[in-house]
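Bear in mind these aren't lab numbers, they're just calculated from the coordinates by the rules spelled out. Not measured: the values here are computed from a predicted model. Here the Cβ positions follow ideal geometry from the backbone for every residue, glycine too, while neighbour counts run over all protein chains shown.
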């Protein structure tokens, strides 16, 4: 998008307007930063008139996306352009599932244009979910490029009502990648208060990790843990440390562990070597290994194998 708008800026007079070239150039460079979008206010503040805007629309040089928001002719649609346009149209920030997608949270691969507004009445926009809040703390808003977006911590809190099953994995993903501190998360929870619909779900998850629970390290681990819980099996310890190694899920008192074997995480030659060394260091443990196909295609069998393993280790103990 930026390349498209910058190419326009190099075309001389792409808008077909009688205007100072430097004014047009500045406006197009602003559009380049905003995924080829501009608002009416930005157009006017940039030194062009409403008449010039009307002419550009009539000539097809700019295209109306929402009332008061425009895209440069020829710009291709994208999630980022749609989100930027929604933010310009509402004065809001990308939030909830939309923010989770932009932050690349686990499992949020399908874009949803969702914005949060703090004041006034935002018009209904096609394809856009508008949500409202009384106040957004300045520390809970930031930008991804030019797109205003809720912070990772605030996004996690807002996800609870709309995607409760994905919140724990999203939290662990940000903690594992060291993109979020637990102290920051505690601050957002404190400001939100116990009445916030996300507090009762997120606060215990954060407290457990403050107390020492390690975050899972992959989506496959999240899915395997979901199977364990769905079938009512005892809760294991995630990422259990033992002799310099970590076991994906462990029942330490039974020396029984469970490993999630993903192709992406274990296919490289050095990973194969590391896994072999890990197995040799855990000879006194009984380890079960489950692949993506096991977890997603045969969850009942996975649960049965884990249940059998727990029973055997208890008898052995």
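Per-structure values
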{"item": "Highest-MSF residue in the chain out of 255, 180, 65 [GNM, Cα springs under 10 Å]", "result": "255"}
{"item": "The stretch 126-158 residues near the modelled residue 186 label - backbone nitrogen below 20 Å, point 7 Å along Cα→Cβ", "result": "139-140, 152-158"}
{"item": "Cα long-axis angle, helix 21-33 against the chain (0 to 90 degrees, to the nearest 10)", "result": "20"}
{"item": "Rounded to 10°, Cα long-axis angle of helix 199-210 versus longest principal axis of the chain", "result": "60"}
{"item": "Projected label distance in nm at residue 142 and residue 229, using a 7 Å step from Cα toward the beta-carbon", "result": "2.6"}
{"item": "Alpha-carbon centroid distance for the pair the stretch 48-74 / the stretch 75-112, whole angstrom", "result": "22"}
{"item": "Theoretical ellipticity at 222 nm over the chain - DSSP helices of four or more residues, -39500 (n - 2.57) apiece, nearest 500", "result": "-14000 deg cm²/dmol"}
{"item": "Nitroxide proxy distance, nm - points 7 Å out along Cα→Cβ at residue 289 and residue 211", "result": "3.4"}
{"item": "Cα long-axis angle, helix 219-230 against the chain (0 to 90 degrees, to the nearest 10)", "result": "60"}
{"item": "Whole-number percent relative contact order across the stretch 80-210, with pairs defined as alpha carbons under 8 Å at least 6 apart", "result": "23"}
{"item": "Relative contact order (%) - criterion: Cα under 8 Å, at least six apart; region: the chain", "result": "10"}
{"item": "Relative contact order of the stretch 11-74, pairs being alpha-carbon contacts under 8 Å that are 6 or more residues apart, as %", "result": "33"}
{"item": "Highest-first arrangement of 215-225, 88-98, 105-115, where packing means the average Cβ count within 10 Å", "result": "88-98, 215-225, 105-115"}
{"item": "Value of Rg to Rh for the chain (Rh from inverse mean 1/r over Cα pairs, i.e. Kirkwood)", "result": "1.12"}
{"item": "Against the rule of thumb 2.2 N^0.38 Å, how large the Cα Rg of the stretch 132-195 comes out", "result": "1.10"}
{"item": "Longest to shortest principal axis, alpha-carbon extents of the stretch 34-174, angstrom", "result": "51, 30, 24"}
{"item": "Percent antiparallel among DSSP beta bridges (both partners in the chain, rounded to 5)", "result": "65"}
{"item": "Nearest-0.05 FRET efficiency for residue 104 and residue 63, computed from C-beta distance (R0 41 Å)", "result": "0.90"}
{"item": "Rounded FRET efficiency, nearest 0.05, which uses the C-beta distance separating residue 51 from residue 124 and R0 of 25 Å", "result": "0.30"}
